[in-house]
Ligand code: GLU
């Protein structure tokens with residue numbers, strides 16, 4: 001089954017997990033994967049996998065394959081084929097060309113130091129002229145306040161013009177920005193629900209604006225709390241979160257369920273991943289997930305590892 005374009009499936013819920021192959025999966029990424037999987041499966045939805053490999057300099061060799069293997073070891077099997085962003089460049093280029101042609105985006109040559117003088121916020125005053133090589137392309141933000149209601153985080157609003165400014169959709173080195181690619185691919189894959197970490201909350205209004213400007217549908221967004229280390233930093237590859245041990249897959253799933261404040265299966269149903277996931281789908285409650293943006297990793301301490 002190929003699900004690269006909006007699938008012909010009868011599913012009205014299409015969710016996805018979209019890891020970047022910058023390192024192996026850690027407990028924080030498993031929590032995000034599991035939450036999006038359970039929310040989709042509890043609603044008889046599809047759960048797609050997209051590899052966000054659009055920034056080769058940040059990639060770690062072998063990470064993409066290790067992520068896929070790790071998900072499978074935890075019983076998290078995706079529907080359809082993996083969508084690789086590295087194979088979608090032409091679509092991204094076409095969208096940039098369309099936004100430029102419609103004057104919704106513009107070429108920019110501003111340097112970091114020029115932007116620093118404006119608190120890093122770009123407002124449409126540079127509009128570089130041809131030739132266009134070695135220029136970034138920015139989306140011209142509109143003066144509106146963009147917002148959405150998140151079932152866990154409440155209402156989030158952003159005045160993009162004053163808080164973010166015109167943002168990059170294609171970098172100076174010609175690589176496409178995450179914000180552009182994520183919006184185009186969520187639309188291509190027919191994603192109806194995005195369940196992801198609260199570290200991406202700030203990005204959502206930019207994605208709403210891109211959807212408006214490209215006339216694409218807006219999925220429902222849910223941002224689950226991220227796991228933070230003792231000094232409050234997000235557990236991530238940058239903060240040296242350890243890679244998940246696949247030989248402890250059941251324990252990892254139980255930890256992730258505990259973090260998400262879901263009931264744990266009885267001991268007799270903790271023997272393999274399929275049993276745990278089966279239980280977790282049947283008992284999934286989005287409303288029970290803590291309504292906060294971060295939780296200290298200390299909460300997982302009572303699980304022996
Ligand atoms: N690729 C992004 C990450 O690994 C996630 C993008 C998304 O879920 O929208 O942080």
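Bear in mind these aren't lab numbers, they're just calculated from the coordinates by the rules spelled out. Computed from a prediction, not measured in an experiment: that's the story for all the values here. Every residue, glycine as well, gets a Cβ built from its backbone with ideal geometry; the counts of neighbours run over all protein chains shown.
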Can you give the angle from 0 to 90° between the axis of helix 27-42 and the longest principal axis of the chain, with both taken from C-alpha atoms, to the nearest 10?
80
Taking the chain and dividing mean pair separation by its residue count, relative contact order in percent (alpha carbons under 8 Å, at least six apart)
22
So for R0 = 45 Å, FRET eff. of residue 93-residue 291 from the Cβ-Cβ r, to 0.05, ends up at 0.65
Run the helix sum for the chain: -39,500 (n - 2.57) per DSSP H stretch of 4+ residues, divided by residue count, reported at 222 nm to the nearest 500 deg cm²/dmol.
-9000 deg cm²/dmol
Nearest 10, in degrees from 0 to 90: the angle of helix 178-188 to the longest Cα principal axis of the chain is 70
Cα→Cβ-extended label distance, 7 Å offset, between residue 111 and residue 261, nm:
5.0
Mind grabbing the base-10 log of I(q)/I(0) for region 220-300 at q = 0.11, 0.24, 0.25 Å⁻¹? Debye formula, identical points on the C-alpha positions, no solvent, two decimal places.
-0.33, -1.22, -1.25
So, with points 7 Å from each Cα along the Cβ direction, the residue 274-residue 302 label distance in nm works out to 3.1
Most exposed first by the Cβ proxy, i.e. fewest other Cβ within 10 Å, how do 172, 104 rank?
172, 104
Using distinct alpha-carbon pairs, which all enter the 1/r mean, Kirkwood radius of the chain in Å:
20.4
Extension gain from residue 103 to residue 84, taking 0.36 nm per residue of separation minus the Cα-Cα distance
3.9 nm
Relative to the longest principal axis of the chain, what angle (0 to 90°, nearest 10) does the C-alpha long axis of helix 273-283 take?
80
Could you work out the mean projected area of the convex hull around the alpha carbons of region 135-233, in square nanometres to one decimal?
7.5
So between residue 248 and residue 283, what do we pick up on full extension, going 0.36 nm a residue minus the alpha carbon distance?
10.4 nm
